[in-house]
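Scroll down for the structure; my scribbles are underneath it.
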Amino acid sequence: MRHLLTVLTVAASAAFLWIFPVRDGYCAEAPSASLADIGRPSAESGPTRISVGVWMADISKIDSAAQTFTANLFILQSWRDQRLAHEQPGIKQYKLADIWHPKWLVANAAAKLDPALPEMAEVAGDGTVTYRQRYIGTFAQSLDLRAFPF
């Protein structure tokens with residue numbers, strides 16, 4: 001029975017990573033005068049479309065008493081910023097703090113998540129920005145399994 005609960009905890013925890021966008025007004029601005037200070041791209045045209053992918057690469061620890069799990073996540077974000085479009089072959093790299101980027105909050109992170117990759121964004125010639133990041137951290141998820149399996 002204990003093994004079955006551990007398996008269920010892993011499955012349920014994997015399904016409950018809560019990632020929310022944070023409104024611009026609640027985030028600190030970049031320290032220098034740059035595109036990060038100007039605001040989001042094409043704000044006058046409506047919402048900025050952002051593609052987000054989240055992959056859970058590994059769950060390394062489960063603490064069923066504390067209802068937490070330690071996981072290795074990979075997050076990919078992509079959006080278009082015409083201000084960064086260029087005619088050079090290949091991609092250009094920018095420090096994330098120097099350009100506008102969506103702010104995200106992992107709502108069920110049990111502690112601060114530190115990025116494992118450099119805080120860099122790649123920009124294609126058409127202005128498509130791609131940001132990749134890997135996080136390893138502890139996440140909380142309270143589960144009410146008293147009625148399991150019925």
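Please treat every number below as a calculation from the coordinates, not as lab data. These numbers were taken from a predicted model, which means no experiment stands behind them. In this analysis, Cβ positions are derived from the backbone assuming ideal geometry, glycine residues included, and neighbour counts consider all displayed protein chains.
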Practice problem: Taking H placed 1.01 Å from N in the peptide plane, check which residues at least 5 places from ASP81 or on another chain put their amide H under 5 Å from its amide H. | Solution: THR128, VAL129
Self-check item: Cα centre as origin, Lys/Arg/Asp/Glu Cβ charges: the stretch 42-150 dipole, Debye
Solution: 140 debye
Self-check item: Sorted peptide list for 64-77, 85-98, criterion being average Cβ within 10 angstrom, highest first
Solution: 64-77, 85-98
Exercise. Apply the Karplus parameterisation 6.51 cos²θ - 1.76 cosθ + 1.60, with θ equal to phi minus 60°, to every residue of the stretch 80-88 and state each ³J(HN,Hα) to the nearest whole Hz, in sequence, with x for glycine and proline.
Key: 10, 10, 4, 5, 9, 4, 8, 10, 6
Practice problem: Pull out the extension gain between GLU122 and VAL52, defined as 0.36 nm times the separation in residues minus the alpha carbon to alpha carbon distance; nm, one decimal. | Solution: 23.7 nm
Practice problem: For the stretch 31-101, just say rounded, prolate or oblate: build the C-alpha gyration tensor, square-root its eigenvalues into a ≥ b ≥ c, call rounded for a/c under 1.5, and beyond that prolate if a/b exceeds b/c, oblate if not. | Solution: prolate
Quiz item: What is the calculated FRET efficiency for ILE91 to SER142, with r their C-beta to C-beta distance and R₀ = 35 Å, to the nearest 0.05?
Solution: 0.25
Exercise. Compute the distance in nm between two label points, each set 7 Å from the Cα along the Cα-to-Cβ direction, one at SER45 and one at LYS112.
Key: 3.7 nm
